[in-house]
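Worksheet for the structure shown next.
The values are calculated or read from the model by the stated rules, or taken from the named source; none is laboratory data. The structure displayed is predicted, hence computed values, not measured ones. Neighbour counts are summed over all protein chains in view; Cβ atoms, including those assigned to glycine, are modelled from backbone coordinates with ideal geometry. To get the accessible areas, we keep the full protein, side chains included, count just its heavy atoms, and leave off ligands, DNA and RNA. Shrake-Rupley method; radii C 1.70, N 1.55, O 1.52, S 1.80 Å.
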Amino acid sequence: MIKATVLGPVWATKRLDGFPSGALLEVQRDETAQRYVALDHLGSGPGDHVLVALGSAVAHHLPGSTPADALIIGVIDPPAPSATPKPTMKGTSHE
């Protein structure tokens with residue numbers, strides 16, 4: 001499994017009979033130049049950070065003998081904003 005960023009759709013005007021429905025998306029592996037065409041059932045879009053399964057793990061998930069070796073299996077949520085504590089005024093006294 002790898003982390004990648006969705007670059008955009010790959011258009012296919014024809015597909016093999018029996019190929020699963022879903023979008024074909026070009027993804028780029030994070031921190032590398034490697035690109036893959038991955039099958040997406042989740043509705044991912046350009047700029048989304050995703051988890052991609054590769055190789056035999058994909059074959060076990062898809063029905064029959066689907067000729068696919070990259071599958072988007074999760075969309076990574078952006079990190080939550082950190083809760084920064086407000087500064088306190090310690091050691092001040094008004095006498």
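Taken together, Ala4, Ala57 contain a single residue that is surrounded by 16 or more Cβ atoms within 10 Å (Cβ to Cβ) and either of a type outside the set (Asp, Glu) or outside any strand (DSSP E or B) (or both), which is Ala4.
Regarding Thr5, is this residue out of contact with any strand residue (DSSP E or B) (no Cβ under 9 Å at 6 or more places or on another chain), of a type in the set (Ser, Thr, Tyr) and at negative phi?
Details: out of contact with any strand residue (DSSP E or B) (no Cβ under 9 Å at 6 or more places or on another chain): no; of a type in the set (Ser, Thr, Tyr): yes; at negative phi: yes.
It is false that Thr5 is out of contact with any strand residue (DSSP E or B) (no Cβ under 9 Å at 6 or more places or on another chain), of a type in the set (Ser, Thr, Tyr) and at negative phi.
Scanning region 5-28 for residues that are of a type outside the set (A, V, I, L, M, F, W, C), out of contact with any Ser or Thr (no Cβ under 7 Å at 6 or more places or on another chain) and closer than 21 Å to Pro67 by Cβ gives Pro9, Thr13, Lys14, Arg15, Asp17, Gly18, Ser21, Gly22, Glu26.
I'd like the full set of residues that are among the small types (Gly, Ala, Ser), assigned to a loop (DSSP other than H, G, I, E, B) and within 12 Å of the chain's Cα centre (by Cα), limited to region 22-49.
The first filter runs over region 22-49 and keeps only residues among the small types (Gly, Ala, Ser), leaving 22-23, 33, 38, 43-45, 47.
Those still in the list that are assigned to a loop (DSSP other than H, G, I, E, B) too: 22, 33, 43-45, 47.
Correct list: Gly43, Ser44, Gly45, Gly47.
Conditions tested, residue by residue: (1) modelled with pLDDT of 80 or more; (2) open to solvent by less than 80 Å² (accessible area, probe 1.4 Å).
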| residue | (1), (2) |
| --- | --- |
| Val10 | yes, yes |
| Arg15 | yes, no |
| Leu25 | yes, yes |
| Glu31 | yes, no |
| Gln34 | yes, no |
| Gly43 | yes, yes |
| Val50 | yes, yes |
| Leu62 | no, yes |
| Pro87 | no, no |
